[in-house]
Amino acid sequence: MELLSFKGRSKRMDFWLIGLGLGLIEALILAVIAFLVMPSLSEKLTLPVVVLAGIVRLAFLWPVSAVGVRRSHDRNM
């Protein structure tokens with residue numbers, strides 16, 4: 001199964017496993033970022049942390065969108 005491809009179909013189990021798996025990985029990465037920044041709470045770190053969190057979110061947007069589109073193909077949408 002292609003994680004980044006928009007072509008083809010995705011079964012219900014693949015959709016949920018990929019969605020939950022990527023969601024948990026993303027949450028873990030964002031939690032680690034927050035944990036590393038929390039002790040300092042410096043105004044200087046605010047922008048880099050927001051940018052880093054945005055990059056992480058964008059990195060996970062493509063595979064989640066791809067599996068959603070493939071699931072829509074499986075439902076003939």
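For the reader, a short list of remarks on this structure follows.
- Against the list (1) open to solvent by 80 Å² or more (accessible area, probe 1.4 Å); (2) touching an Asp or Glu at 6+ places or on another chain (Cβ under 9 Å); (3) at pLDDT below 85, the condition Val50 fails is (2).
- Condition check for Ser5: among the hydroxyl-bearing types (Ser, Thr, Tyr), in contact (Cβ under 8 Å) with a residue 60 or more places away in the chain and in contact with an Asp or Glu (Cβ under 8 Å, 6 or more places away or on another chain): no
- Selection status of Leu36, modelled with pLDDT of 85 or more, open to solvent by 100 Å² or more (accessible area, probe 1.4 Å) and not charged (D, E, K, R): no
- Here segment 55-69 is the region considered, the condition is being modelled with pLDDT under 90 and of a type in the set (Val, Ile, Thr), and the residue that is nearest to Ala27 (Cα to Cα) is Val56.
- Residue pairs whose Cβ atoms lie under 6 Å apart, separated by 6 or more positions or on different chains, with the first residue in segment 50-76 and in a helix (DSSP H, G or I) and the second crowded, with 16+ Cβ neighbours inside 10 Å and among the aromatic types (Phe, Trp, Tyr), are Val67/Phe15; Arg71/Phe15.
The values are calculated or read from the model by the stated rules, or taken from the named source; none is laboratory data. All values derive from a computational prediction rather than experimental measurement. Positions of Cβ are generated from backbone atoms using ideal geometry, with glycine treated the same way; all protein chains shown enter the neighbour counts. When the accessible area is computed, the model is the full protein with side chains, heavy atoms only, and any ligands, DNA or RNA have been set aside. Shrake-Rupley method; radii C 1.70, N 1.55, O 1.52, S 1.80 Å.
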